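Note sheet for the following structure.
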Amino acid sequence: MFTKWIQSYRDLPLMINQWANVTRWEMRTKPFIRTLEFLWQEGHTAHATLEEAEKEAMQMIDVYTKFAYEQAAIPVIPGRKSRVETFAGANRTYTIEAMMGDRKALQAGTSHNLGQNFSRAFGTQFMDENSQIEHVWQTSWAISTRFVGGIIMTHGDDAGLMLPPNIAPIQVVIVPIWKKGDEKSAVMEAVSSVQNTLKEAGIRVKVDDSELRTPGWKFNFYEMKGVPIRLEIGPRDVTNKSVVISRRDIPGKQGKEFGVSMDPSILVDHIKGRLVEIQASLLQKAIAFRDSNIVDVSSYGELKEAIAEGKWARGPWSASDADELKVKEETSATIRCFPFEQPEGAKKCFMTGNPAEEVAIFAKSY
């Protein structure tokens, strides 16, 4: 279609972003991570120059990195793929790599500078400002429902999901509690008032007033669902005009606050503050976990040791594609990326002893 749509430099840049379902013939599937069918957001762009295409490819990996950190609270490592791991047909592949709870790496999003590989194959040409016929320079980039799996496996614990507030469909669940019939109306009146207060403040809130389940069952259920904050309102709370707050990210009594005022001006600020704290806390926890499981290596033996312990290995690399495949064969680890953030100073490849310009990160992956 690009070949039909593009005739002149005036048609460029052409930038398409589509949401599409994709089917792939996977031998071994894993929910969210590798499925026969998945939904993704898929960008395709065409440009007049290599520089414009490179700028677009880099901009999109920055967008994905920002989304991962600020919304999903996943501290991804952005970088460039090795030649072996570069998408077939791309000049360069950029990636965001995330460490899951089992310390395996997840390629959470990619952005490709396709150069002119596809435009030459499909004859996608344009007339430039000097009336010369040129091939366009292209990019493609995507994240998919695999990212949902990344959120589950980064933050989840034995009790279930733990969703960052910024992306949680329900940020606050209210569980009303009463024992006697005559307590119900006062409790539900207070619950309705608190619900409206939070909704008006733009907080995503749900009330579970079903009488088929006990409050204790509901507590467990919404913990499993990963709802960041639970409010409990019973007869005593109504009398005191207060609520009990429970944080999903801090289990047990430590995560509970009693006697928080129902006064709208106090409650809204309190809840919003807690949601910000939870978002930051999940990110910091994930950063600490990631950093404590990355080992700096200076020899192949050290890399083998780190990988055998289930950790990521980071070290200077300038060895051949054959050496990279040897590492994969012997340890099941691959180069996840050459991170954009590189240490200063002279480096020596841990495989060959030759000078190296960059460090690479190796890990087992999904």
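The values are calculated or read from the model by the stated rules, or taken from the named source; none is laboratory data. No experiment lies behind these values; they were computed from the predicted model shown. Cβ placement follows ideal geometry from the backbone for every residue including glycine, while neighbour counts extend to all protein chains displayed. To get the accessible areas, we keep the full protein, side chains included, count just its heavy atoms, and leave off ligands, DNA and RNA. Shrake-Rupley method; radii C 1.70, N 1.55, O 1.52, S 1.80 Å.
Computed values, structure above
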item	result
Strands (runs of 3 or more DSSP E) fully within region 183-258 counting 1 or more residues that are farther than 29 Å from GLN71 by Cα, touching a residue at least 12 places away in the same chain (Cβ under 8 Å) and more than 25 Å from the chain's Cα centre (by Cα)	229-233, 242-247
Selected residue (criterion: least open to solvent (accessible area, probe 1.4 Å)) from residues of region 347-366 that are closer than 29 Å to ALA57 by Cα and part of a loop (DSSP other than H, G, I, E, B)	CYS349
Filter pass, GLY149 being at negative phi and among the small types (Gly, Ala, Ser)	yes
Residues satisfying the stated conditions in region 40-67, i.e. among the polar types (S, T, N, Q), under 16 Å from the mean Cα position of the chain (by Cα) and under 21 Å from VAL22 (Cα atoms)	GLN41
Residue within region 133-142 that is under 31 Å from the mean Cα position of the chain (by Cα), closer than 28 Å to SER292 by Cα, surrounded by fewer than 22 Cβ atoms within 10 Å (Cβ to Cβ) and not polar (S, T, N, Q) present	no
Pair list, Cβ under 7 Å, 6 or more apart: region 281-301 residue farther than 30 Å from ASN166 by Cβ, other residue of a type in the set (Gly, Ala, Ser) and surrounded by 13 or more Cβ atoms within 10 Å (Cβ to Cβ)	VAL295/ALA306; VAL295/ALA313; ASP296/GLY315; VAL297/ALA306; VAL297/ALA313; VAL297/GLY315; SER298/GLY315
Positions within region 259-269 being surrounded by 16 or more Cβ atoms within 10 Å (Cβ to Cβ) and in contact (Cβ under 8 Å) with a residue 24 or more places away in the chain, in sequence order	MET262, LEU267, VAL268
Subset tally (residues that are without any contact (Cβ under 8 Å) to a residue 40 or more places away in the chain and either assigned by the TED database to the domain that holds MET58 or exposed (fewer than 14 other Cβ atoms within 10 Å of the Cβ) (or both)) for region 320-340	5
Sole exception among (1) under 30 Å from THR154 (Cβ atoms); (2) in contact with a Pro (Cβ under 7 Å, 6 or more places away or on another chain) for MET224, by number	(2)
Residue identified as under 25 Å from ASN166 (Cα atoms) and hydroxyl-bearing (Ser, Thr, Tyr) among THR23, THR110, THR93	THR110
